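What follows is a set of notes on a single structure, which appears directly below.
Coordinate-derived values only; no laboratory data. Not measured: the values here are computed from a predicted model. Note that each Cβ is placed from the backbone with ideal geometry, even for glycine, and that neighbours are counted across all protein chains shown.
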Amino acid sequence: MDIEIKKLSPLDVDQFVELIRVFEDVFEMKDLSIPGKDHLRRVLETENFLVFAAISDGKVLGGLTAHVLQQYYSSFPQIYIYDLGVKTVFHRKGIGKSLISAVASYGKLIGAEEAFVQAELEDEDAIAFYRSTRPADEERALHFSYIL
C-alpha cells in the first residue's frame, strides 16, 4: 500500500473534513458537529496552522494538526502537535511515525527549534506510541483549562 503524507492547503478542505471524521472515530467523539467548509478553508489559510494527512488511494487514513508557536524566549518557533490520529485498522503500519517525521522535516525547513505533543496520562497507547518515536525529552505536566 502506497501512502502519501500531504500537507493540506486551503484547496484540500474535503480531505480536511475526512481527517476530522477520522479524529471523530479514533477519539470516540459522539455526534461531532463539524463547522462549514468556508470556516475550515479559513482555518487552513491560517499561516501558523498545519495539517498533514496520510492518504492512500485517495482516502485519508489519518493525519495530524499542529500549530507553529512564535516564542519570546527564542527567535526560533516551536511546533505544537495538537491532534494525531490514524484509523484503527491502519495502526502499527508506520503511518503515525511518518506523520511525526513530516512535521519534523517541515519544522527544520522553517527553522523551528522543536516540536512537542501532549498525551493524557491514562492514554497508555498514545504514550507508548510517542515513546516509540524516540523523543528527545519526556516531561510530566498537568493541563488546566478555562471555559470562556
Open item on the list: Apply the Karplus curve 6.51 cos²θ - 1.76 cosθ + 1.60, θ = phi - 60°, to the phi angles in the stretch 124-132 and return the couplings in whole Hz, x for Gly and Pro.
Closed with: 4, 5, 5, 4, 4, 4, 4, 5, 6
TODO: Mind listing the long-range amide H neighbours of Tyr82? Cut-off is under 5 Å, sequence gap 5 or more, other chains count too, H placed in the peptide plane at 1.01 Å from N.
DONE: Thr65, Ala66, His67
Task: Spin-label pair Ser9/Ala141, simplified geometry with 7 Å Cα→Cβ offset, distance in nm - done: 3.3
Open item on the list: Once R0 is set to 41 Å, what does the formula 1/(1 + (r/R0)^6) return for the Cβ-Cβ distance between Ala128 and Ser75, expressed as a FRET efficiency to the nearest 0.05?
Closed with: 0.75
Open item on the list: Taking only Cα atoms of the stretch 4-132, what ratio of Rg to Rh do you get with Rh as the Kirkwood inverse-distance radius?
Closed with: 0.95
Task: Spatially near lysine pairs across the chain, Cα under 23 Å, sequence gap of 8 or more or different chains - done: 21
Task: Among 52-62, 85-95, the order from most to least packed when residues are scored by Cβ within 10 Å on average - done: 52-62, 85-95
- [ ] Given the peptides 137-148, 119-130, arrange them by the average over their residues of other C-beta atoms within 10 Å, most packed first.
- [x] 119-130, 137-148
Task: Loop-located GluC sites (Glu not before Pro) in the stretch 9-49, at most 15 other Cβ atoms within 10 Å (DSSP) - done: Glu28, Glu47
- [ ] Would you calculate a helix-derived [θ] at 222 nm for the chain, using -39,500 (n - 2.57) for each DSSP H run of n ≥ 4 and dividing by the full residue count, to the nearest 500?
- [x] -10000 deg cm²/dmol
